[in-house]
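A quick write-up on the structure given underneath.
Where a number appears in this text, it was derived from the coordinates with a stated rule and is not lab data. Note that this is a predicted model, so its numbers are computed, not measured. Ideal geometry is used to build each Cβ from the backbone, glycine not excepted, and the neighbour counts take in all protein chains shown.
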Amino acid sequence: MEKFNFELLQSYQSFHTIEEMDQAVRGFLYKHKEDLSEGTISVLTQIWRHSVKVIGVSFARNDYLAEQANVSRRTVIRALNVLMEKGIIKKIPTARKTGKQGVNILIIQPFASIEALKNTMSHHDDTPEVTANKTENKQSHSVRKER
């Protein structure tokens, strides 16, 4: 674990501008929003809002995130795990001067912009690979009529 200080935070800065960070988070939400719970989105929003002093880096405590997102502390922990699994944040543990665990540093990771995601998707991405057999539909329809 690293000792928490402002120089350490600056070394983890992941974006040059707030606009770059905004595009990364919006791109992530564009791609993953339907897979995320409302609580996870609220937690991400709070991390995002608290990552402007050092762009892309938040050091908000879990209890504070829970209060601001109006969710439980346990929901914050689950949300952080989901966000790390999906690659939008990285968590760095820190140590206090006493050697005990300190606050976690949460780093928003670069992600493709919405425009880049739109350009890489083809119209085939929305189409299922297997189309339902029309004969099967007719058979199931005729079975329903007989009953």
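Some observations on this one:
- Charge tally around Ser58: other residues with Cβ under 15 Å, Lys/Arg +1 each, Asp/Glu -1 each, net +2.
- Per residue convex hull volume, Cα atoms of segment 2-120, in Å³: 97 Å³
- Computed from backbone phi with θ = phi - 60° and the Karplus coefficients 6.51, -1.76 and 1.60, the 3J(HN,Hα) list for segment 52-61 is 10, 5, 10, 4, x, 10, 10, 10, 5, 6 Hz; x is used for glycine and proline.
- Radius 11 Å from Cβ of Ser72, net charge of other residues (Lys, Arg +1; Asp, Glu -1): +1
- Anisotropy class assigned to segment 28-69 is oblate, per the alpha carbon gyration tensor with a/c at or over the 1.5 cut-off and a/b no larger than b/c.
- Calculated SAXS-style log₁₀ I(q)/I(0) at q = 0.21, 0.29 Å⁻¹ - segment 1-59, Debye, Cα scatterers: -0.84, -1.16
- Ordering Arg49, Arg26 by the number of other Cβ atoms within 10 Å of each residue's own Cβ, fewest first, gives Arg49, Arg26.
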